[in-house]
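The values are calculated or read from the model by the stated rules, or taken from the named source; none is laboratory data. As the structure is a computational prediction, the values presented were derived from the model and not from experiment. Here the Cβ positions follow ideal geometry from the backbone for every residue, glycine too, while neighbour counts run over all protein chains shown.
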Amino acid sequence: MRLLPLPKRHAISLRRLVVFGGTLAAILSGCTRSDSQTSATDIGNTRAAVEAVAVSPETATTAPVAVQSSPFGGKLAEEVALFDPKVDGWRSEALYEVAQRQLNELAHHLEQGADGITSAATSSWFHVDFSAPLLGPEPSELVTSYQDSLFVVQSAPDEWQPVAQTDPALSLVSFLQPLAGAGKVRIKFKTYRVSLAPDGTAATTRALVSTLGHFSDPARTVEQHAIWDISWHLTATSDAPPQISSIVPESYQVSRTNAETDRLFTDCTDAAFKGSELYQKALLPGLDDWAARLHNQIGMESEGYQGMAMGDANGDDLDDLYLCQPGGLPNLLFLRNADGTLREAPADNGTDWLERTRSALFVDLDNDSDQDLLVVCNTQVLLLENDGSGKFTKRGMLQLPGSPFSCTAADYDTDGDLDLFICDYGDLWGGFGDLNERFPIPYHDANNGGPNALFRNDGAWQFSNVTQESGLDQNNRRWSLSAAWEDFDNDGDLDLYVANDFGRNNLFRNDGGKFTDIAEAAGVEDISPGMSVTWGDANRDGWPDLYVSNMFSGAGNRITFQDQFMPGTDTATKGHYQRFARGNALFLNNGDGTFLDSSEASGVSVGRWAWASRFGDFNNDGLEDIVVANGFFTQEDSDDL
Amino acid sequence: MAEGKSFSGRERNSFFLNTGSGKFADISGLSGFDYLDDARSICLGDWDFDGALDFWAYNRNSPRLRLMRNTSSSAAGSESRHWVALRLKGVTCNRDAIGARVEVTTPSGTQFRTLRAGEGFLSQSSKWLHLGLGNDSGIEKVTVRWPGSPEPETFTAVTSNTFQILEQGTATATQWMPPSGSPPLDPFDQESSPVDETARIVLAARPPLPPLEILDGIANTGKPLLINVWATWCGPCLEELSAMIARASEFKQKGLDIVLLNADDPTDSDRPNKVAKTLGKLNSSFENRIADERTVSILDAFQRALTQRQRPLPLPASFLVDSEGRVAVIYKGKAEVDTVLRDLEMLESGPDAWREQAAPFAGQWYQHPPQPNPLRIAMKFLDLGEAKLSATYLERFLATYADTMEPRSALADVYFALGRAHSTDGQDSAAAGAYQSAIKADLNYRKAYVELGHMLLKRNSFDAADRLLSRAVQLDRSDADTVVLEAMARLGMQKFEDVEKLCRFALTLQPDHLTARYNLAFALQQMKRHREAADTYAGVLKLANGQIMAANNLAWILATSPDDSLRNGREAVRIIQQLCDSPAGETQPIFWMTLGAAHAEAGDFVNATGAAQRALQLCSSTGIPKGSTLPATLQEQLLRYQQSKPVRD
């Protein structure tokens, strides 16, 4: 690989330049979001114009005149409110800000160790009339829900009735007891519900409380998760921060490593790459860094909508790794060495595409027993034939109208070769030039995304788009990110679940190569920002269950449960928005064509802003666990929603 | 986010342990995968063949990649846990056997796995199927249902804690031996890579340099030019300058002009003196110009438009401009003389060779190099309040590229942006001309029809507006805003039935479209369908109770409708009184007029008279459109109130 020298690090920022406001789209787009605002505020003028041409005095009198400071509450106003809690009317968000700040400070204080947890040292966070039970159950009260050689998981019993008392220090000490003696402690509160008394004198917030303690000698880790309803005493007149007046624990769970180990997984990337220069230069820097130094017109973007594929590229029976990259950075193929380390594939292997790519699959498309490669690029899918040794040649290109994201392969017509289903998200960004930005409409149930496509393999690298004749064109303008095949009804053919952003998902039942969307009847529409889907048997009953990645959003939960969120909107629509922020979904297969939504009951909904998730049995106990990749956009500031 | 803001960032990856009781336990911390990464993709596979499932995670931020190695095989007690890994080989079905389902039966029951290619987010995992067997070491039965085969095939000789290959039709598993002697992969916490603010940004498609008065006589001379932004207080600037001055003859020989733009504090009265002294000391022969605040702002906006993650223009910074006045490279931080000379030599290479320079690593492209695109730059200038500059920039761009731009919609984009720039600059007729050019470039360019239609609507040219807007609706019937604009044109044409039809259609597209609902109510009111109008206004208020005109009109109907069962003077007073009491409403004669009618309907002619008189006062004090019939109407109403008669619509 050729590396170009970068200038030495000697930049000094010019004294503060103007900070520009406004978004590109809002400035230039005449008919996207800003238009509803434009036309709304212009009504007055147009009405005045109508008045001017009005014939009868009656018309004139009822015709509105221009009101300059018209408080039109359009969509934009609502969106602004979502992003600026200080906007009048969102007192609950203003309360959240100060309460969360108090909790952050308290967490920081508690992390310093038990010595500081006295009534005096914590008095600034707690009101004098404080009451709360002991927040950590006695060991004898705990119910063990899981135990093996690796982990012990214990919870408070369902009928747990903790002892009430009035000393905050006692409450906290009981909760932090399992962390006593830990070398490194982490405590975090995440507030996701706020309810404010109408007169503004009292408030209750609900928080996820997470703690982690690492012990050395012997190595072990303790992790606690609790949900607390926290009542706040507010002072109406002064600027003093709110104080906690009571805490009611809603749930409690503690888990520990059981063996002499402090974690199940360790990061061995560095050893796998053995100090490779390419790894250092290409895989250590984040995309923000590249996006600041590469021209945006070559497809460079930093959102990280790039995935990877594992498969045997060079025919040595060992899985290799192929990484997709945004435009301007080449896709990377690393071959596995016998010892588990990686080497760069030879330079002329034909996989180092520099266009913006999204995802890739290693699959044998021509049934010659080697792994061909398909790469989802800008608006195409490249089909690359493997010569058997890991050298790839372009054999075809499938064209998609919008912005294809992912591909999932299966032989849907059981003719012996692999067909391809491609999720086309839709062109949210309008390619280059923000004039063409499009928005999901309506936001909670958008049906203006790109059309997904099923390509039938006709042999000899010929593929036909059979979306329509297969029936997959139903309900097919969703903003689809991911799909996965599974015979959910155990009838011998493969059905297809499609996870869609901004709204409902699809479950296409396969009846002899013809598909019907039965998501609603099956109870798996999951109206949410669907990011991805995976199948597994969560309860080992022999029927495939579904796990869908969505977004658990603290802000979304807090806001959508307020009365003033979308006033006047019907409760069903509001429910959709609330559901939007709920998080990941686990649907248990009832075996009769329907599913049971077990997301919250199973404790798997809080997967944050989730992307990939996967079932896998990571401790060989015969039960499939779930791993979730999450987090949207972490940058230098800490001002997260 | 382009400016460096987080959004749902610093979230820890999650791991849920299946406890077998219908519940999962959040053991993200115990798993060790609880990094704060913006993780995206996950691929599973037993990478080190130790019988425990590992995975790779791919991130947006630094470090991009993590191999999460499962340590459980070396934990005490792991010998009591069993597993099997299976790989399928299709013979009559697809060779990868994608879609096949394997069932494994042990004393404690049967488990299955289905082989998939592509699931999760942009991820493909290993084709090895990994099954944990708990405490069961014996495998009783293994069956595979191959895609397209109705009968499952049973495999014998599958032993636990091994890797087995199951080939279709053979009925016997073959053990696969992983490579032996693998050294352990040692754990090491990867450090986030430090952010490097310096950069050499090669512009794959070169945008024209913005017109800057300060460069008069220097830019656009047909020779390449290096613009160096520097300040006397900036150490690295001076180091860079010394290096360039030392090799000034090489630049000259290669035909490169160099101009320095000094960016010292403009409020410093000693600035010219400092600059002269510094340049004298350095023995500089380069042309130097004193940059004003605006020039620096424009250059900053220009460079921000060229990268997705935008960072401020640092000092020093340089712009390499080619002989045709297009910017080819931006150097942030010190530009090395050798690098500049090498880039200078490459300037005349073709677009393909030049694009290679824009990528930091080698690789292949399957598409042609991009054409320059001025849109983001023009938008940045608009953001900066430089509408005229934005328009000039686009016009210059068009002068060079209009004939060659492909596709035509891209050309239309540029004309459309020009229209926006002119319109922001207050040049309405120039804007209209640009929108017309956009339509000429692309007859289906919907947004231009909308903008032109909107402009005509504001000028009361309702018929002309209607023609354009109906074409826009034809081009995309899914955009509620355009439909409502057309409805407003029809409103101006007094075609109330059309307004009703269009607004109702818009509401099917977007039920919460306020303007559609308001216009619908208004049209119904004009058609004297008072009850429907009142209901619709009430609907508007339900969506947004701050909709004051809807409130006014609703109160007017309640006060004046000929329909006895609809009129409700007290309710009308209640509604309109709030408006008259509000800061925005207390000076509006129309609200006071409505209040008068409401009081009259409620039988309170004293207050009705008072309100009408206040309305008349406001007409003269606040000014109303010329030729308005409002004062005359109010006089009529006053007469009626004196006779204790309410107003009827």
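Tell me, which residue of the stretch B:246-272 that is surrounded by fewer than 18 Cβ atoms within 10 Å (Cβ to Cβ) and either touching a Cys at 6+ places or on another chain (Cβ under 6 Å) or assigned to a helix (DSSP H, G or I) (or both) is nearest to the other protein chains (Cβ to nearest Cβ)?
B:Arg271
Kindly indicate which of B:Trp592, B:Trp556 is touching a Lys or Arg at 6+ places or on another chain (Cβ under 7 Å), among the aromatic types (Phe, Trp, Tyr) and either over 25 Å from B:Ala516 (Cα atoms) or assigned to a helix (DSSP H, G or I) (or both).
Answer to the check: B:Trp592.
So, in the stretch A:613-641, how many residues would count as being facing chain B (nearest Cβ under 7 Å) and farther than 16 Å from B:Gly9 by Cα?
Adding up the residues that qualify gives 14.
Scan the stretch A:306-322 residue by residue and report those that are closer than 16 Å to A:Glu355 by Cβ and either basic (Lys, Arg) or surrounded by fewer than 24 Cβ atoms within 10 Å (Cβ to Cβ) (or both).
Answer for the stretch A:306-322, where residues must be closer than 16 Å to A:Glu355 by Cβ and either basic (Lys, Arg) or surrounded by fewer than 24 Cβ atoms within 10 Å (Cβ to Cβ) (or both): there is none.
Quick check on my filter: what residues within the stretch B:451-465 are surrounded by fewer than 24 Cβ atoms within 10 Å (Cβ to Cβ), more than 8 Å from every other protein chain (Cβ to nearest Cβ) and not hydrophobic (A, V, I, L, M, F, W, C)?
Result: B:Arg459, B:Ser461, B:Asp463.
Could you name every one of the strands (runs of 3 or more DSSP E) located completely within the stretch A:471-559 that has at least 3 residues being under 22 Å from A:Arg608 (Cα atoms)?
A:479-486, A:495-501, A:532-536, A:545-549
Among (1) modelled with pLDDT of 95 or more; (2) within 13 Å of chain B (Cβ to nearest Cβ), there is one condition A:Asp458 misses while meeting the rest; what is its number?
(2)
Before we move on, is B:Gly9 assigned to a loop (DSSP other than H, G, I, E, B), at the interface with chain A (Cβ under 7 Å from one of its Cβ atoms) and at positive phi?
So B:Gly9 does not fit the description; no.
Does B:Thr174 meet the test of being surrounded by fewer than 16 Cβ atoms within 10 Å (Cβ to Cβ) and within 13 Å of another protein chain (Cβ to nearest Cβ)?
yes
For every residue, the table says whether it meets (1) modelled with pLDDT of 95 or more; (2) within 9 Å of another protein chain (Cβ to nearest Cβ); (3) under 30 Å from B:Arg446 (Cα atoms).
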{"position": "A:Asp387", "(1), (2), (3)": "yes, no, no"}
{"position": "A:Arg395", "(1), (2), (3)": "yes, no, no"}
{"position": "A:Gly402", "(1), (2), (3)": "no, no, yes"}
{"position": "A:Ala410", "(1), (2), (3)": "yes, yes, no"}
{"position": "A:Leu418", "(1), (2), (3)": "yes, yes, no"}
{"position": "A:Tyr425", "(1), (2), (3)": "no, no, yes"}
{"position": "A:Trp429", "(1), (2), (3)": "no, no, yes"}
{"position": "A:Gly433", "(1), (2), (3)": "no, yes, yes"}
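Can you pull out the residues in the stretch A:129-155 that are over 35 Å from the mean Cα position of the chain (by Cα), in contact (Cβ under 8 Å) with a residue 12 or more places away in the chain and within 30 Å of A:Phe618 (Cβ to Cβ)?
Selection gives A:Glu141 alone.
Give the stretch B:277-286 a look and list any residue that's surrounded by 13 or more Cβ atoms within 10 Å (Cβ to Cβ) and more than 14 Å from B:Val340 (Cβ to Cβ), or say none.
Within the stretch B:277-286, B:Thr278, B:Leu279, B:Leu282, B:Ser284 qualify.
Please give the number of the condition A:Gln371 fails out of (1) within 27 Å of A:Asn296 (Cα to Cα); (2) at pLDDT 95 or above.
Result: A:Gln371 fails condition (1) only.
Among the numbered criteria (1) over 30 Å from A:Val143 (Cβ atoms); (2) facing another protein chain (nearest Cβ under 7 Å), which single criterion is violated by A:Ala203?
(2)
What residue, among those in the stretch A:115-126 that are more than 33 Å from the chain's Cα centre (by Cα) and surrounded by 17 or more Cβ atoms within 10 Å (Cβ to Cβ), is farthest from A:Ala180 (Cα to Cα)?
Looking at residues that are more than 33 Å from the chain's Cα centre (by Cα) and surrounded by 17 or more Cβ atoms within 10 Å (Cβ to Cβ), I get A:Phe126.
Across the stretch B:320-352, which residue is farthest from the other protein chains (Cβ to nearest Cβ) among those that are under 34 Å from the mean Cα position of the chain (by Cα) and among the basic types (Lys, Arg)?
B:Arg326
Assess whether B:Arg101 counts as being touching a residue at least 40 places away in the same chain (Cβ under 8 Å) and either within 26 Å of A:Trp543 (Cβ to Cβ) or charged (D, E, K, R) (or both).
yes
Consider the stretch A:275-323. How many of its residues are assigned to a helix (DSSP H, G or I) and either basic (Lys, Arg) or more than 7 Å from every other protein chain (Cβ to nearest Cβ) (or both)?
Of the residues in that region, 7 qualify.
So that you can scan it fast, the table gives a plain yes or no per residue for (1) in contact with a His (Cβ under 9 Å, 6 or more places away or on another chain); (2) surrounded by fewer than 24 Cβ atoms within 10 Å (Cβ to Cβ); (3) within 7 Å of chain A (Cβ to nearest Cβ):
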residue: B:Leu86; (1), (2), (3): yes, no, no
residue: B:Thr92; (1), (2), (3): no, yes, yes
residue: B:Leu122; (1), (2), (3): no, no, yes
residue: B:Ser125; (1), (2), (3): no, no, yes
residue: B:Asn135; (1), (2), (3): yes, yes, no
residue: B:Gly138; (1), (2), (3): yes, yes, no
residue: B:Glu151; (1), (2), (3): no, yes, no
residue: B:Thr154; (1), (2), (3): no, yes, no
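For the stretch A:162-187, name all the residues that are buried (at least 16 other Cβ atoms within 10 Å of the Cβ) and within 14 Å of chain B (Cβ to nearest Cβ).
Passing the criteria: A:Pro178, A:Leu179, A:Ala182, A:Val185, A:Arg186, A:Ile187.
Would you call B:Val229 within 11 Å of another protein chain (Cβ to nearest Cβ) and part of a strand (DSSP E or B)?
So B:Val229 passes the test.
At the interface with chain B (Cβ under 10 Å from one of its Cβ atoms), in a loop (DSSP other than H, G, I, E, B) and out of contact with any Gly (no Cβ under 7 Å at 6 or more places or on another chain): is that true of A:Gly350 in this structure?
Yes, satisfied.
Name the single residue, out of those in the stretch B:79-98 being under 30 Å from A:Leu150 (Cα atoms) and among the charged types (D, E, K, R), that is modelled with the highest pLDDT.
Result: B:Arg87.
For A:Val381, state whether it is of a type in the set (A, V, I, L, M, F, W, C), at negative phi, under 27 Å from the mean Cα position of the chain (by Cα) and more than 10 Å from every other protein chain (Cβ to nearest Cβ).
So A:Val381 passes the test.
Restricting the first residue to the stretch B:55-66 and requiring it to be under 13 Å from B:Asn13 (Cα atoms), which pairs with a second residue that is assigned to a loop (DSSP other than H, G, I, E, B) and basic (Lys, Arg) meet a Cβ separation below 8 Å and a spacing of at least six or different chains?
So the pair list comes out as B:Tyr58/B:Arg64.
Can you list the strands (runs of 3 or more DSSP E) lying wholly within the stretch B:132-217 that have 2 or more residues being modelled with pLDDT under 90, outside the structural domain of B:Ile330 (by TED's automatic domain parsing) and of a type in the set (Phe, Trp, Tyr)?
Because the criterion is at least 2 residues that are modelled with pLDDT under 90, outside the structural domain of B:Ile330 (by TED's automatic domain parsing) and of a type in the set (Phe, Trp, Tyr), no strands (runs of 3 or more DSSP E) in the stretch B:132-217 meet it.
When you scan the stretch B:337-358, how many residues do you find that are closer than 20 Å to B:Leu241 by Cα and surrounded by fewer than 18 Cβ atoms within 10 Å (Cβ to Cβ)?
Number of matching residues: 4.
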